[in-house]
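Below is one structure, written out as structure tokens, with a few remarks after it.
The values are calculated or read from the model by the stated rules, or taken from the named source; none is laboratory data. It should be emphasised that the depicted structure is a prediction, and the values quoted were computed from it without experimental measurement. Note that we place each Cβ from the backbone using ideal geometry, even for glycine, and neighbour counts take in every protein chain shown. Areas reflect the complete protein model, heavy atoms only, side chains present, ligands, DNA and RNA absent. Shrake-Rupley method; radii C 1.70, N 1.55, O 1.52, S 1.80 Å.
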Amino acid sequence: MALTAHALAIHSGKGVIHFFDPSSSTNDEPIAAEDIAIAREILNLDNVRRFQSASIAGSGIYADDGRQAIAPEQPEPLALRISAVSGEQVSEVDATASVATTQTSSKSSQQSVTSSPPSVSTATTIEASAPVVTSEHIYKYVTSLWAKLNELAGRQYNAFEWTGSLKAENCLFVFGSNAALFSQAIAQAESDDIFANAGVLTARLYRPWLGAKLIEAIPRSVKRIAVLEQVSRKTTKWGPLLIDVLTSVKSAVGGVETIVGNQLGYISSETVVQALRGIFQNLTSEKPIQNLEVGEREAPAKNSSEHEYELEKPKLETAYTKILDQLFGERAFVANSLNSENAGVSDTISATPEYGFGALLARKERKKKFISEVKEAAGSGRFLTETPKRSLAKWVSSADDAKIAEQAAEEVISKLTIDNSRTSRALLENKAFFRKQSLWLVGSDAWSYDLGNSGVHHVLASGENVNLLIIDSTPYSERAAADANRRKKDIGLYAMNFGNAYVASTAVYSSYTQVLQAMDEADGFNGPSIVLAYLPYFGETDSPLTVLQETKKAVDLGYWPLYRWNPENENKGEPNFSLDSERIKKELKSFLDRDNQLTQLMRRDPLFGAALAQDFGTEIRAQQKRKAKDAYNQLLEGLFGAPLTILFGSDNGNAQSLAKRLGTRGRSRGLKTAVMAMEDYPVEDLPTEENIVIITSTAGQGEFPQNGKPFWDAIKDSTELDLASVKFSIMALGDSHYWPRKEDKIYYNKPGKDLDRVLANFGAKRLTEIGLGDDQDPDGYQQGYQEWESRLWEALGVANVEGLPEEAPPITNEDIKLASNYLRGTIAEGLKDTSTLAIAAGDQQLTKFHGTYMQDDRDIRDERKAQGLEPAYSFMIRCRLPGGVSTPKQWIQMDDISNELGNETMKLTTRQTFQFHGIVKGKLKPAMQAINRALMTTLAACGDVNRNVMCSPLPTQSKYHREVFASSQKISDHLLPATSAYHEIWLTDDDNKKTQVAGDAVQDFEPLYGPTYLPRKFKISIGIPPHNDVDVYAHDIGLIAIKGDDGHLAGFNLLAGGGMGATHNNKKTYPQTGRMFGFVKTSEVHIACEKVMLVQRDYGDRKNRKHARLKYTIDDLGVDVYRSKVEKLWGQKFEAPRAFHFDSNVDTYGWTKDETGMNHFCFFIENGRIEDTADFQMKTGLREIAKVHKGEFRLTPNQHLILSNVADEDLPALKKLMAQYKLDNVQFSGLRLSSSACVAFPTCGLAMAESERYLPVLINKLEACIEENGLRQDSIVMRMTGCPNGCARPWLAEVAFVGKAFGAYNMYLGGGYHGQRLNKLYRSSIKEEEILEIMKGLLKRYAKEREEDERFGDWTIRAGIIKATTEGRDFHEGVAEEESDEE
């Protein structure tokens, strides 16, 4: 059967699984060894060689894909004659094939296995015109193989094998390791046994399921069949046999009356008879029980004497050992590694630190002995040539100098290998000693409980040159409980106190680069070294996201500071201590104070002074609350009137704004008002309040906002609060349609309703009924708020107060821009303020125009708040890079910026440019200057201006691409803001001398934009047919390049009014596709774009930013009116649009060659994140490629990267580097290759759910379904965003998930594969379980029902699953899941 499986794989081109359990043959008689000639003839090795040597050309999403199994290319099976019948290959099989098999397949099996092959496209798969291998082909191949085996070896096999009497009425259907056990028991049965004379049916060919063969194998006398389905095996899970048998037998004409399913567990020879009696008693009863369990559910326990105390390395902790391997390769030697060869010593003992330390000392002694052996060999003359002697002598002379010896090692090994004498071979057996070995002991944080017995003390006291890697896995969230009974020592402090050791504290999920640096320094340190490695996890199944979040909390709050301590630095005049994170804990600070290290560090880097001076854990939040409230009460003492305390819980700022405005109005009415966040209020004061008002918004699935949770947690389960003297009122803000399903209506304003109920239960009296603000009202929440506020003033007796002051109108973005003095604001002053990591609120709006957003790390927001710290503010910087083209030198410069000034990662965005995260305020200006030195800029990468102009990278038409790319640069430069504020703020030194390189703006005048710039952001993209990889319909202006008859660029079709932003459940907002305005010549395209933008500047909505994009302006005015205004301003008319065609909007991966003979490779960069991990050194690999690459890099609009313009002579070197760093792999599923996601958590302030970090996880869980349904290579455009603002352009995807709340998404279907049609809401607020259930059902239906070349999005519309969205204003109409207004 193994030979059959191997041969079938060769002949069919399919993967073949051979189920085999050695225990099934334990009691069989041994057979003679196979004849090698038979194996060669069966396998047909000549055909194997022919396929392996064939080169397959390909294009599309899999540019270098392998051979697809198709019927016409199959080799002749076993050299039998092949005849062509109706375009298919049919094997003429020997007529002596088994009588238990037939020549036709059953109807049911044909439906399940021979359905029409999936459609393919040049955008995603290798084209194959011949039919795909079907079940009919598989059956013909396997019967041919068995016929040949019968002829050559005398062994006969059939698809289904019958054992037993041909007159049996009862049959047992089973296959696997228990089949022989049951057959033997039935054969030995006594005549009065209930299972005597029964038959046993087993399957040789399980998939494809051939129902007709099963029918023929069952004798006509059989009336009852017991199907034994193996549901719990050691290594296998069997398929749904009962369904297979039922489908086949019930659809056939025969005498079978009863089919009963049984769940088969573990059966032994001692229990098989009892099991058979139970099976057949049930089978022959009047009402058999289905799914009767037979045998033991759990596997028998292993022999404890053999497997007790077996050690395992935790899977997650391999991250650090992988880095050791990457850094030191063959030089790395881990003395106490598991499964190492230690003769006569158990794994338990050999893995201990004491044994490992001894092994390292022995290793060093062995190295000394080896040097003596080399000296002797160099002078012995026992070589075949003289060359090895000279090399050995050179190596011995420098054996004590690690660097020189390392250089000489390669030459020595090479010479000895060539010599190949007995002496050479003996030395090569220990060739590892020619190199300086990096000696390591690896342990866990368990060593920190007893430093004396763990081996740590022994290593430090010895002074030996030994490295310890100690992995601490205690999660930050469990740090207190972990040390409840035993005190955990700080190994780092212990080692530093010795004074002779190198010490580093690292965390791979915080700084990969710092881990590399620490390990490299430890290896180079002459003495004991200890590298403390943090890898927190709760269990082996934890996701990398969980580990990342726990690491960030621990590092940011000082629980696990990152640092390096090197005593040798004193000899260099450098500080011993280097801090690589911002906060340190109390014990470490005390040590540094004693050694005067902290003072030196603070002098060297004053920016860290404030953080370093705080003792970790001393911030007592309750005291801060008390002090703040008492101070405020003192201020109110001089006021008259009733007291009014106003608390707010706010996520997006609405509740906070209302609370502050309410407080101002209360004071003007003579009330003593105090306003604070709910989390800042000391709950123990609640019973003393006279009047208290709480305004809270609704977060997530009916949850409190982050700054409201502590208050709610403190009161919800309290049994001591007595509020009989307190009067209160609640104002709740929410969206009645945010959770549209009827069963989810309870989430509408749930926090406010819960507060109202609980406070009343504590005896408090309502000032007025709860107010409910609803975003669905015409004026949003304001309508409900105004009614509630009026009732509140009446209840407090201050409704009719005369002489109230006029309230100043709220400051808008338009006010901020107008007052900014052409984007200056107070940005320069804010950068110099070292008291905070933030900048002023108004400046936060202005810095967007400069290409940077202020963000905070939301993963650690709560922990920092609990410590009394401000959020971990940092900045995102986005470059302006027209067309996404970068030189290799620029790539290296961007890599340097991310390493030295950012968070060591880069993001390739959907706007075809570089983006950096984690840049703290003090490094913001150096980062801007570094970008400018790279001849790039960030000006107008964000903000209410024209942003980065995108252009299709299209590597296959390089000359044409250069012409189109030139237009993108021209448009970008033409629409660039003219303010000199950018240069003044970012490109000057401390003495205000300008250092600009990429620009020389000298005046403050905006001829295009004016002082208030545009109403909202403005985006332009250029698509080059047939690839719409830029999503040309999704932008304010979409330009479609039109090639002239001469092959050169003639001009562009101009689309206007596309845009992706929307707001959940607000039907006044919607995504929109661009509308065709007409054709523009190349020479005029930048002017046409300017005029379209200027009409938007003058007519766009500046009062409502949610209605300010160009798409709404065009919809309000009408396409014809807007076009006429553009033409009037331009002085020309648009020509009639030219014909064009799009067939894809995804990237083409792998190698391609352009018309000039240059080569291009498109890398798959999942969601655009460039970073190094322990498993995949992507960032390092791309940097190494950039060092030698002579062409350019092209960033794609789908967040991927093209290595462009590679000459043939440079291919070998680049391919070698790509293979070394695993960058040449593009063989992922079509779904993964066609996916994209925005950043979302933890840095985006607008994110409601995960996106970039979650989409790969979701695709992992869908890929098994994709494989099962034959869709692995089918491109289905799937996109995910954390909010509805649409950065990853989800509204054009065939399937999209848009974040609604943490872990919950709206699902959209029906987008056009070419990016030409918007999708539509299919399901609202669904979580992973529902997503998987829905997607698996849809994918299965799509695989079966689709027509030739039909895309997933098109199929969902044709199948009636979703209605087509004809344009943006139709987006909310006819959704699959209508929203209900019922409460």
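Points worth noting:
- Failed item, numbered, when PRO810 is tested on (1) modelled with pLDDT of 90 or more; (2) under 22 Å from LYS1017 (Cα atoms): (1)
- If you go through region 162-200 and keep only what is open to solvent by 30 Å² or more (accessible area, probe 1.4 Å), without any contact (Cβ under 8 Å) to a residue 60 or more places away in the chain and among the hydrophobic types (A, V, I, L, M, F, W, C), you end up with LEU166, ALA187.
- Just one of (1) surrounded by fewer than 17 Cβ atoms within 10 Å (Cβ to Cβ); (2) farther than 27 Å from LEU1110 by Cβ; (3) not hydrophobic (A, V, I, L, M, F, W, C) fails for GLU1367. It is (2).
- In region 1221-1263, residue surrounded by the most Cβ atoms within 10 Å (Cβ to Cβ) [restricted to those that are hydrophobic (A, V, I, L, M, F, W, C) and not in a loop (DSSP other than H, G, I, E, B)]: ALA1237
- Residue match in region 1212-1220 (condition: in contact with a helix residue (DSSP H, G or I) (Cβ under 7 Å, 6 or more places away or on another chain) and in a loop (DSSP other than H, G, I, E, B)): no
- Residues of region 1055-1076 that turn out to be in contact with a helix residue (DSSP H, G or I) (Cβ under 7 Å, 6 or more places away or on another chain), under 15 Å from ILE1022 (Cα atoms) and in a strand (DSSP E or B), as a count: 4
- Test: GLU1166 is within 24 Å of the chain's Cα centre (by Cα), open to solvent by 10 Å² or more (accessible area, probe 1.4 Å) and among the acidic types (Asp, Glu): yes
- Residue list for region 1280-1334, filter: part of a helix (DSSP H, G or I) and over 19 Å from ARG1109 (Cβ atoms): GLU1328, GLU1329, GLU1330, ILE1331, LEU1332, GLU1333, ILE1334
- Cβ-Cβ under 6 Å pairs, at least 6 apart or on other chains, region 256-272 side open to solvent by 40 Å² or more (accessible area, probe 1.4 Å), far side modelled with pLDDT of 85 or more and not in a strand (DSSP E or B): GLU257/LYS223
- Residue check, GLY752 in contact with a Pro (Cβ under 8 Å, 6 or more places away or on another chain), part of a helix (DSSP H, G or I) and either surrounded by fewer than 21 Cβ atoms within 10 Å (Cβ to Cβ) or not polar (S, T, N, Q) (or both): no
- Residues satisfying the stated conditions in region 813-829, i.e. touching a residue at least 24 places away in the same chain (Cβ under 8 Å) and not aliphatic (A, V, I, L, M): ASN813, GLU814, LYS817, SER820, ASN821, TYR822, ARG824
- Taking the criterion of being open to solvent by 20 Å² or more (accessible area, probe 1.4 Å), outside any helix (DSSP H, G or I) and touching a residue at least 12 places away in the same chain (Cβ under 8 Å), the residues of region 536-553 that qualify are TYR537, PHE538, GLU540, ASP542, SER543.
- In the set ILE1042, ILE1022, only one residue is farther than 30 Å from LYS1300 by Cα, surrounded by fewer than 23 Cβ atoms within 10 Å (Cβ to Cβ) and at pLDDT 95 or above; that residue is ILE1042.
- Region 1045-1061 residues that are closer than 30 Å to GLU1155 by Cβ and open to solvent by 10 Å² or more (accessible area, probe 1.4 Å), paired with ones that are not β-branched (Val, Ile, Thr) and not in a strand (DSSP E or B) (beta carbon under 7 Å, 6 or more apart): HIS1048/GLU963; LEU1049/TYR960; LEU1049/GLU963; ALA1050/GLY1044
- In region 293-305, residue modelled with the lowest pLDDT [restricted to those that are under 21 Å from ILE186 (Cβ atoms) and either open to solvent by less than 50 Å² (accessible area, probe 1.4 Å) or in a loop (DSSP other than H, G, I, E, B) (or both)]: GLY295
- For region 738-749, filtered to residues that are within 30 Å of the chain's Cα centre (by Cα) and open to solvent by 20 Å² or more (accessible area, probe 1.4 Å), the residue that is farthest from SER1325 (Cα to Cα) is TYR747.
- Of all residues in region 932-963, exactly one satisfies the criterion of being under 19 Å from ALA978 (Cα atoms), out of contact with any Leu (no Cβ under 7 Å at 6 or more places or on another chain) and not in a loop (DSSP other than H, G, I, E, B), namely THR937.
- Cβ-Cβ distances below 9 Å connect the following pairs, each with a first residue in region 637-657 that is open to solvent by 10 Å² or more (accessible area, probe 1.4 Å), a second residue that is modelled with pLDDT under 80 and among the aliphatic types (A, V, I, L, M), and a separation of six or more residues or different chains: PRO643/LEU636.
- Residue match in region 275-286 (condition: in a loop (DSSP other than H, G, I, E, B) and modelled with pLDDT of 80 or more): yes
- Only residues that are farther than 30 Å from VAL1146 by Cα and either open to solvent by less than 10 Å² (accessible area, probe 1.4 Å) or in contact with a strand residue (DSSP E or B) (Cβ under 7 Å, 6 or more places away or on another chain) (or both) were counted across region 922-945, and they come to 4.
- Of all residue pairs spaced 6 or more apart or on separate chains, those with beta-carbon atoms under 9 Å, a first member in region 127-146 that is closer than 27 Å to ILE38 by Cβ and open to solvent by 40 Å² or more (accessible area, probe 1.4 Å) and a second member that is in a helix (DSSP H, G or I) and modelled with pLDDT under 75 are GLU136/GLN110; GLU136/VAL113.
- Residue, surrounded by the fewest Cβ atoms within 10 Å (Cβ to Cβ), within region 385-440, restricted to residues that are in contact (Cβ under 8 Å) with a residue 60 or more places away in the chain and of a type outside the set (Gly, Ala, Ser): ASN430
- One residue stands out among those in region 1088-1099 that are open to solvent by less than 40 Å² (accessible area, probe 1.4 Å) and of a type outside the set (S, T, N, Q): the one that is farthest from ARG1016 (Cα to Cα), which is ALA1088.
- Candidate set: region 525-535, residues that are outside any strand (DSSP E or B) and over 27 Å from THR905 (Cβ atoms); chosen: the one most open to solvent (accessible area, probe 1.4 Å): ASN526
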